[in-house]
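Step one of this worksheet: look at the structure below.
The values are calculated or read from the model by the stated rules, or taken from the named source; none is laboratory data. Everything quoted here is computed from the prediction, not taken from an experiment. Here Cβ is always computed from backbone atoms with ideal geometry, including for glycine, and neighbour counts include all displayed protein chains. These area figures cover heavy atoms from the full protein model, side chains too; ligands, DNA and RNA do not enter into them. Shrake-Rupley method; radii C 1.70, N 1.55, O 1.52, S 1.80 Å.
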Amino acid sequence: MADHSHRMGAITRKTAVLAFGFVLLAALPGIAHLMDEPFLVSTFSRVLIYAMAAVSLDLILGYGGMVSFGHAAFFGVGAYVVGILAHHAAEGTTVLGLAGTNLAVVSWAAAVLVSAGVAAVIGALSLRTDGVHFIMITLAFAQMLFFLFVSLEPYGGDDGLMMMGRNDLFGIDLSDDMTFYYLCFIALMAFLLLTRRLVDSRFGMVIRGCKQNERRMRALGFPVYRYKLTAFVIAGAGAGLAGALSANHTEFVSPDFLHWTMSGDIMIIVILGGIGTLYGPVVGAVVFLMLEEFLPLAFDSVGLEGLKEHWRFLFGPILILVVLFARRGLFGLLAGREARDG
Amino acid sequence: MADLILDVRHLHKAFGALAATDDLNLGVERGEVHALIGPNGAGKTTLIAQLAGELTPDDGTVTFDGRDITALPVHQRPHLGLARSFQITSVLMDFTSLDNVAMAVQARAGHSFRFWRRARAERALRVPAMDYLDRVGLGARAHVRVSALAHGERRQLELAMALALEPRLLLLDEPMAGMGPEETQRMVQVLKALKGEITMLLVEHDMDAVFALADRLTVLVYGKAIATGTPDAIRANPDVRRAYLGEEGGA
Ligand SMILES: Nc1ncnc2c1ncn2[C@@H]1O[C@H](COP(=O)(O)OP(=O)(O)OP(=O)(O)O)[C@@H](O)[C@H]1O
Ligand SMILES: [Mg+2]
């Protein structure tokens, strides 16, 4: 089936939805300006960053069938690498014999590499288990890292670490919200292109095969562990880059970046948007973070201030409805049958 | 001495107190179709699982083409030329038939750490995959999702995937299981066409199919091989008649 639709190259409902979404995000700063709501640009930078983390989780969750409940670990490690390097640059000190840096190219590359390395270690151990054990062990590793950073007093412990401004990317002024937004936009689009090609490649077909029937894949001659671990590391690297961007966005990192609720949020975004759809997590990030932003305000304005802190109470039922009635998530509602890649 | 492609010696496998494979000896000659028959629970699937590497024998050796593979991991065996089909259909349900067979072609085509080219656009995978589907008579259903295929069609797909691995020894665990008489007849024809080209170890309950295909038979009862020989010799064997064939209505 897939072969046919691609060969025809017709404009399908899915391509229309994707084109519309692309234009909407590309024009967002302009829209925010017209609406006279400039803060939306920064809010949406956050949306794009979370979307990237969620897409990276969808790669292993939706395509590889690996229910990792510790994805925030890689996000947080990426953020801390950027924060720690900036901290040492400001102090003029070294870390592990290396000078700190504010150079984005160096700092972000380091974030991606370290996150990938952490994912390699966590993945190598966790992927020896599966099912509920895999969920628990990835969660446990992430919590271990969380407590590690809580206890790292030199880097602020519980309180986290402030950065003095954003990183330096070839002299481009990232402190400008619009510039930073487009940086995040380009990064997300590049990551989506990369993961799109990846899931359709030979490698992608193998991890998708593993999700459906690992036993059969083994009987065909695939060393499934190696392929799954590689996918896990790539996902960790993607989340690490998102973390690096997030540290720059908030100019602050803290153990909260690695807290299990963060892993939960990323997973909710994927489920809400549509598991195994790649683009769904972007939709999920938009909706989830908009609800987080505006549900409390809505409660406030109707005099339910008491509920403000508990916006998730309303969000819970929404998520349940989506899971029950839209098996391919919100993206499935929008794009129809071709939403899911299978 | 016969040219054995598969040589199983003194194989043991117990599940608790039950000996599912009990001091089993079995030799498959290169080029033959060797049928493995025996009543339900005789240990046929357990043997196939040990040959495919999914189960580790408690004792004994499995030699494939002169090489001891007793402890070789599952995923390395197809690369030596040892492929299997499953008694309970085991395919990739969300993919199309063509995707499934292309996956088998891909498995044989070196490592899959290739991240950029669209696999579904690779003629090197799709064209051979299509050939195998045609061979088993499933060509017309190439672009149908497996979850929408009928049971018999999935059995055909199972065979196409095993063939796509271009094995030198094919382990077939009841390829006709659950098929209607017409489908069974077609499957027998497909396997007949492969005879001489691929060595097969065929587990099958359908006696007509077995006698139509097999050069030799081994009869398994309670994990033991009680007899091996040509179809005529097996038919005439009194032990076999008592233990097994007798049950089939005393024909
Ligand atoms: N994993 C297992 N654990 C415990 N017992 C098992 C296991 N697998 C098989 N058995 C038992 O081992 C014996 C042999 O089973 P096996 O599936 O190999 O038989 P079979 O000859 O393939 O039968 P059938 O013709 O029904 O397919 C049976 O008694 C079965 O119950
Ligand atoms: Mg069986």
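Table for the structure above
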{"quantity": "Filtered residues of the range B:33-45 (kept if more than 9 Å from ligand 2 (Cβ to nearest atom) and surrounded by fewer than 19 Cβ atoms within 10 Å (Cβ to Cβ))", "calculated": "B:Pro39"}
{"quantity": "Filtered residues of the range A:143-184 (kept if closer than 27 Å to A:Phe22 by Cα, in contact with a Pro (Cβ under 9 Å, 6 or more places away or on another chain) and not hydroxyl-bearing (Ser, Thr, Tyr))", "calculated": "A:Asp177, A:Met178"}
{"quantity": "Qualifying position, being farther than 20 Å from A:Ala219 by Cα, within 14 Å of chain A (Cβ to nearest Cβ) and open to solvent by less than 20 Å² (accessible area, probe 1.4 Å), among B:Leu163, B:Leu149", "calculated": "B:Leu149"}
{"quantity": "Candidate set: the range A:133-145, residues that are open to solvent by 100 Å² or more (accessible area, probe 1.4 Å) and among the aliphatic types (A, V, I, L, M); chosen: the one nearest to A:Val224 (Cα to Cα)", "calculated": "A:Met136"}
{"quantity": "Residue in the range A:217-237 that is at positive phi and within 9 Å of chain B (Cβ to nearest Cβ) present", "calculated": "yes"}
{"quantity": "Any chance B:Glu158 is closer than 30 Å to B:Thr228 by Cβ, more than 16 Å from ligand 2 (Cβ to nearest atom) and within 13 Å of chain A (Cβ to nearest Cβ)", "calculated": "no"}
{"quantity": "Wholly within the range A:2-79, helices (runs of 4 or more DSSP H) carrying at least 2 residues that are modelled with pLDDT of 95 or more", "calculated": "A:13-26, A:39-58"}
{"quantity": "Unique match (being under 22 Å from A:Leu169 (Cα atoms) and open to solvent by less than 50 Å² (accessible area, probe 1.4 Å)) among A:Val106, A:Val112, A:Val118", "calculated": "A:Val112"}
{"quantity": "Among (1) within 14 Å of chain A (Cβ to nearest Cβ); (2) without any contact (Cβ under 8 Å) to a residue 12 or more places away in the chain; (3) away from ligand 2 (no atom under 16 Å from the Cβ) - the single one B:Ala49 does not satisfy", "calculated": "(3)"}
{"quantity": "Of the criteria (1) within 16 Å of ligand 1 (Cβ to nearest atom); (2) open to solvent by less than 30 Å² (accessible area, probe 1.4 Å); (3) over 21 Å from B:Leu157 (Cα atoms), which one B:Ile48 fails", "calculated": "(3)"}
{"quantity": "Among the residues listed as B:Gly110, B:Gly60, B:Gly81, the single one being more than 16 Å from ligand 2 (Cβ to nearest atom), within 19 Å of B:Leu169 (Cα to Cα) and not β-branched (Val, Ile, Thr)", "calculated": "B:Gly81"}
{"quantity": "B:Phe64 being under 15 Å from A:Arg216 (Cβ atoms) and either more than 8 Å from every other protein chain (Cβ to nearest Cβ) or in contact (Cβ under 8 Å) with a residue 40 or more places away in the chain (or both)", "calculated": "no"}
{"quantity": "Qualifying helices (runs of 4 or more DSSP H) (wholly inside the range A:249-342; at least 3 residues being within 24 Å of A:Gly64 (Cβ to Cβ) and at pLDDT below 95)", "calculated": "A:260-273, A:311-325, A:329-335"}
{"quantity": "Which listed residue is out of contact with any strand residue (DSSP E or B) (no Cβ under 7 Å at 6 or more places or on another chain) and either under 25 Å from B:Pro175 (Cβ atoms) or not assigned by TED's automatic domain parsing to the domain that holds B:Ile198 (or both), from B:Gly41, B:Gly27, B:Gly31, B:Gly66", "calculated": "B:Gly41"}
{"quantity": "Within the range B:1-33, tally of residues that are within 16 Å of ligand 1 (Cβ to nearest atom), touching a residue at least 60 places away in the same chain (Cβ under 8 Å) and over 12 Å from B:Thr218 (Cβ atoms)", "calculated": "6"}
{"quantity": "Tally of residues being crowded, with 18+ Cβ neighbours inside 10 Å and under 19 Å from A:His259 (Cβ atoms) across the range A:156-188", "calculated": "3"}
{"quantity": "Residues of the range B:87-120 satisfying the condition of being more than 7 Å from every other protein chain (Cβ to nearest Cβ) and touching a strand residue (DSSP E or B) at 6+ places or on another chain (Cβ under 6 Å)", "calculated": "B:Gln87"}
{"quantity": "Unique residue being in the same structural domain as B:Asp23 (by TED's automatic domain parsing) and out of contact with any Leu (no Cβ under 9 Å at 6 or more places or on another chain) when the list is B:Ala71, B:Ala150", "calculated": "B:Ala71"}
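Conditions (1) touching a Pro at 6+ places or on another chain (Cβ under 7 Å); (2) surrounded by fewer than 17 Cβ atoms within 10 Å (Cβ to Cβ), marked per residue:
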residue	(1), (2)
B:Asp59	no, yes
B:Val62	no, no
B:His75	yes, no
B:Ser85	yes, no
B:Ser112	no, no
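A quick yes/no check of all residues on (1) facing chain A (nearest Cβ under 8 Å); (2) touching a helix residue (DSSP H, G or I) at 6+ places or on another chain (Cβ under 9 Å); (3) open to solvent by 10 Å² or more (accessible area, probe 1.4 Å):
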{"position": "B:Leu24", "(1), (2), (3)": "no, yes, no"}
{"position": "B:Val28", "(1), (2), (3)": "no, no, no"}
{"position": "B:Gly53", "(1), (2), (3)": "no, yes, yes"}
{"position": "B:Asp68", "(1), (2), (3)": "no, no, yes"}
{"position": "B:Ala71", "(1), (2), (3)": "no, no, yes"}
{"position": "B:Pro78", "(1), (2), (3)": "yes, yes, yes"}
